[in-house]
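Engineer: I am attaching a structure below and will ask some questions about it afterwards.
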Amino acid sequence: MSQVSEAEVRAEVREWLNANWNPDLSLVEWRSKLADSGWGMPQWPREWYGRGLPMKLVRVVEEEFANVGAVGIARSGVRLLAAATLLEHGTDQQKKKFLRRILTGEDTWCQFFSEPGSGSDLAGATTRAELHGDFWIVNGQKVWTTSAHHADYGLLLARTDWDAPKHEGLSFFVIEVKQPGVDVQQLRQMNGHASFNQVFFTDAKVPVENLVGKVNEGWKVAVTTLAHERRGADGLATPSRRGPRVGRIYEEERLENERANEPYKWYPQRAGRVDLILERAQETGAIRDPIVRQEIARLMILAKSAEWTARRARASQQQGRPQGPEGSLGKLAASHVARACARVHTMITGTAAMLTGRESPRNGIIAEILVSVPAVSIAGGTDEIQRNIIAERVLELPKEPRFDTGPFRNVRRN
């Protein structure tokens, strides 16, 4: 079907929606129809709940869904990262067990990568998994795990060989979160939110069939997950909502989104809220200050450049081109934009930017921006990591000298 025209795809998806879209269905009932039809993720292979369409035709499907206000597949959290990883590295048994329930939203996922002593140095993970009969037994600790407190499954990177070099002794698993050996504890942040968790594994069990890829080749699988994380997992964008949103399916979707988005509600502040800059400058009168105007112009140029880079990456993806360095470039640009926003917000608001509560500027939003912005330079790979990737893979500079080669058990670590 990859050779079909845009007009043919549009006609076919429109006909299917006319025959099947019903806002009075339950969310799971509707998404089950989507999964079985392949229209939920049309770029996926036909044998795995897709239709084998090229990315450039996915936009057509998105438009037709938007025209009728049809709800798409479940997208929130890590679930589509899990799906993309399993599509590339999973067994047929794993795909059959997990992919459909990812699309319907029946299972929630999280990502067990970072550790207290190995955040950016992901390959330095010390959580261990040892094979005992039909199960891998997991012991260790993970941290900064979003949504682990209500996840059903987690993507787990654990060490399975301490005598191999650190990148070669890791394995990748799917682990059930709701079991006696997994203790999830929420962490309170300085901006007042509790989006992340620390998780302790004490003799937690992973069935042997939940090993993704080969033993000691988990780094290759993790890189796939990270690549999709940096560019956003492939999938239909949330359709625009046209017409009245009346029906059971919309109410269930609203409740699902409230729960799923709770850990992320401060993320707009983390990005710096460039959208508020001009409004704030005008309402405070700071727009009349030539120095402030110059900083605003500098920020807007930076933000637009980052936006165009992201659009170029998206266009390349839609044309089916392989993932390039755009993810790291965009991630680093986002950090620069966020920090510039914090600086300009401070120039505009002055000392009042430190106030919180109802009497503070924008009900505390400005203060929340200032204490949230540092996170964007850390989460998803620090700025230093992104610079290394760009230096080595774009500028082709030599790699830095390494002091962590040889058997991992001999490598100095925290």
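The values are calculated or read from the model by the stated rules, or taken from the named source; none is laboratory data. If you're wondering where the values come from, they're calculated on a predicted model, not measured in any experiment. Every residue, glycine among them, receives a Cβ derived from its backbone with ideal geometry; neighbour counts consider all protein chains shown.
Engineer: Out of G380, G350, G357, report the one residue that is of a type outside the set (V, I, T) and under 30 Å from Q111 (Cβ atoms).
Structural biologist: G380
Engineer: If you don't mind, there's one more thing I want to ask. Do you know which residues across region 295-314 are surrounded by 14 or more Cβ atoms within 10 Å (Cβ to Cβ) and aliphatic (A, V, I, L, M)?
Structural biologist: I296, L299, M300, L302, A303, A306, A310, A313
Engineer: What pairs come up if the first residue lies in region 365-383 and is in the same structural domain as R273 (by TED's automatic domain parsing) and within 15 Å of E229 (Cα to Cα), the second is assigned to a helix (DSSP H, G or I) and hydrophobic (A, V, I, L, M, F, W, C), and their beta carbons are under 7 Å apart, counting only those six or more places apart or on different chains?
Structural biologist: V376/A334; V376/A338
Engineer: Mind listing whichever residues of region 45-57 are assigned to a helix (DSSP H, G or I), modelled with pLDDT of 90 or more and within 23 Å of the chain's Cα centre (by Cα)?
Structural biologist: W48
Engineer: Report yes if R31 is surrounded by fewer than 20 Cβ atoms within 10 Å (Cβ to Cβ) and in a helix (DSSP H, G or I), otherwise no.
Structural biologist: no
Engineer: Within region 326-342, is even one residue farther than 30 Å from P42 by Cα, within 19 Å of the chain's Cα centre (by Cα) and not hydrophobic (A, V, I, L, M, F, W, C)?
Structural biologist: Scanning region 326-342, I find at least one residue that is farther than 30 Å from P42 by Cα, within 19 Å of the chain's Cα centre (by Cα) and not hydrophobic (A, V, I, L, M, F, W, C), so the answer is yes.
Engineer: Shifting gears a bit: Of all residues in region 9-22, count the ones that are more than 16 Å from Q43 (Cβ to Cβ) and assigned to a helix (DSSP H, G or I).
Structural biologist: Here the count works out to 8.
Engineer: Now, a different point. Among the listed residues V199, V215, V221, which satisfies the condition of being at pLDDT 90 or above and in a loop (DSSP other than H, G, I, E, B)?
Structural biologist: So the residue among V199, V215, V221 that is at pLDDT 90 or above and in a loop (DSSP other than H, G, I, E, B) is V215.
Engineer: Somewhere in region 386-402, is a residue free of Cβ contacts under 8 Å to residues at least 12 places away in the same chain, surrounded by fewer than 12 Cβ atoms within 10 Å (Cβ to Cβ) and among the aliphatic types (A, V, I, L, M)?
Structural biologist: Checked against the condition, which is being free of Cβ contacts under 8 Å to residues at least 12 places away in the same chain, surrounded by fewer than 12 Cβ atoms within 10 Å (Cβ to Cβ) and among the aliphatic types (A, V, I, L, M), region 386-402 yields at least one hit.
Engineer: Kindly provide the set of residues from region 333-384 that are of a type in the set (K, R) and assigned to a helix (DSSP H, G or I), ordered by number.
Structural biologist: R339, R343, R362
Engineer: Can I ask one more? If only one of V78, V68 is in contact (Cβ under 8 Å) with a residue 40 or more places away in the chain and over 30 Å from N388 (Cβ atoms), which one is it?
Structural biologist: Among V78, V68, only V68 is in contact (Cβ under 8 Å) with a residue 40 or more places away in the chain and over 30 Å from N388 (Cβ atoms).
Engineer: In the set V177, V206, which member is over 17 Å from G124 (Cα atoms) and in contact with a helix residue (DSSP H, G or I) (Cβ under 8 Å, 6 or more places away or on another chain)?
Structural biologist: Unique residue meeting the criteria: V177.
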